[in-house]
Amino acid sequence: MPKILIASDLHLSESEKSYSFSVFEEILENAKNYDALFLLGDTFNTFEDAEKLKEEFSKKSEIYDKNIYLLKGNHEYLKSGGIALSKLKFADNIKIIEETDFINIENLDIVAVAYNENYNLGSDFIKEIESLKEKNRIFFGHGIVEGTLWAIEENEESAFIPIEIIKKVNPNLAVIGHIHKQMEINIENINIIYSGSVRVWRKSKSEMGIRKCLALNIDDNSITKKYIDLKSAGEYRVYNLNVSEMESKIEIISKDWSNKDIIDINIYGIIEDEIQLEIKKKEIINKYLEFVREINIKSSNLFFLENALNENIIKEFLNIANEFEFKNNNEEDLEIVELAKRIGIEKISLALQNNK
Ligand SMILES: [Mn+2]
C-alpha cells in the first residue's frame, strides 16, 4: 500500500536561502518514510531562484532514494522569460511536471496538472483518464479551485483552476498548492485539500499557526491522511499590546518563541514621550532579535498624553477622579483610581480619535 508525502509552497529563495533550505531538509527527512515526495508548486520563489538554487536543491534531493515530483506553480513561471523549468538540469530523481502527468504508484493513479494561465485540456486528456485502472485516484494541482471562498491577498495571483477539470478526473481526493492557509473544503462533492505553505513566506493571517506537510496512506478501500508539523519552518505570531505593559507582556509571551519565528507586535495606548518610546522599542528588538527570525514593533493607535489632556471631556473626567482620590486614603482604592484614570484617558482619547 503506497504512502506519499506532499509539501507545497516552499518558496526557496536566494535571499532566504538558509531558512528555506532548512525547511526542505526537514521535509526530506520526513519523506524517508514514504514512497514518493510531491512538491505541489511554488517550490522556488521565482524561476531565477530555481536557476540559482537548482544545484544545491539537487544535491540534497539526490540523497533521497525515491522520486521527488516537482509540479510547476505560478512562481516558477515568474521571471522565466518563457523558459521551461524542464530545461534546467536537476538530479535524476527529480521529476518535473510542467503540463499534465499521469503517475501510477501501486494501487494509486495520480493526475497532476501544473499551473497554467489557460487550461486547455483536449480529447487526449479525456482518453488518458478513461484508461486509468486503479481504484484510488488523486488529483494534484496548483491554484485556487473555482468555487473556493477565498479573498485573494495582496500581490497574489488569482491562478484559478476550473472545477470542470477536476470533475473530469473524478478523483477520490484533490490536493492543491498555492493558498498558504491549510484548509479542507468540498466543492461539487469533491474533497479538496489545500495543503498550505510549508514555511512562513508572506506575513499574513493565513500563514499563522504551525506549518505542516501532508502524508497520505493509500489502502485498497480508503485513503487516510495525517499532517506532519515542520519545526524548522517556525511560526508567524502577531500580538496587540498596550504600551504601558508591553515589556512585561513580551517577557511572558517570548517563552513560546522559537528562533524560526517571525514576531509582529502592534502597540497601542497613551505615551508621554515619543523619543523614549523609540529607545524602548530598539532595546526590546535588540534583546529578542537573537531568539527569533524577525521581530517588528509597530505603533497602532498611540496618542500623546499632552494632546489628550487638552480635551475638555478628559479634563472633566480627571477632575472627578482627582476629587475621589483627594477624599480617599485607602491605598488599594487609590491604586484602582490610578488604573481607572489611565484606562479612562485611553478610552476617551480613542473615542475622540475615531470621531475625528
Ligand atoms: Mn502559487
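The values are calculated or read from the model by the stated rules, or taken from the named source; none is laboratory data. This one's a predicted model, so the numbers in the text were calculated from it and none came from an experiment. Because the Cβ atoms are built from the backbone with ideal geometry, glycine has one as well, and the counts that use them run over all protein chains shown. These area figures cover heavy atoms from the full protein model, side chains too; ligands, DNA and RNA do not enter into them. Shrake-Rupley method; radii C 1.70, N 1.55, O 1.52, S 1.80 Å.
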Subset tally (residues that are surrounded by 23 or more Cβ atoms within 10 Å (Cβ to Cβ) and part of a helix (DSSP H, G or I)) for segment 37-74: 3
Residue in segment 131-160 that is modelled with the lowest pLDDT, counting only those that are open to solvent by less than 70 Å² (accessible area, probe 1.4 Å) and of a type in the set (S, T, N, Q): Ser158
Are any of the residues in segment 2-23 part of a strand (DSSP E or B) and open to solvent by 40 Å² or more (accessible area, probe 1.4 Å)? yes
In segment 340-356, the residues that are out of contact with any helix residue (DSSP H, G or I) (no Cβ under 6 Å at 6 or more places or on another chain), modelled with pLDDT of 85 or more and of a type outside the set (Val, Ile, Thr): Ala340, Lys347, Ala351
Does Ile103 satisfy the condition of being in contact with a strand residue (DSSP E or B) (Cβ under 9 Å, 6 or more places away or on another chain), surrounded by 16 or more Cβ atoms within 10 Å (Cβ to Cβ), among the β-branched types (Val, Ile, Thr) and in a loop (DSSP other than H, G, I, E, B)? no
Arg202 fails exactly one of the following numbered conditions: (1) within 16 Å of the ligand (Cβ to nearest atom); (2) surrounded by 19 or more Cβ atoms within 10 Å (Cβ to Cβ). What is the number of that condition? (2)
Which numbered condition Ala215 misses (of (1) within 16 Å of the ligand (Cβ to nearest atom); (2) of a type outside the set (D, E, K, R); (3) in a strand (DSSP E or B)): (1)
Filter segment 72-117 for residues that are among the β-branched types (Val, Ile, Thr) and within 15 Å of the ligand (Cβ to nearest atom) and give the result. Ile97, Val113
Those residues of segment 16-58 which are in contact (Cβ under 8 Å) with a residue 24 or more places away in the chain and among the small types (Gly, Ala, Ser), in sequence order: Ser20, Ser22, Ala31, Ala36, Gly41, Ala50, Ser58
Exactly one condition in (1) at negative phi; (2) open to solvent by less than 50 Å² (accessible area, probe 1.4 Å); (3) part of a loop (DSSP other than H, G, I, E, B) is not met by Tyr77; state its number. (2)
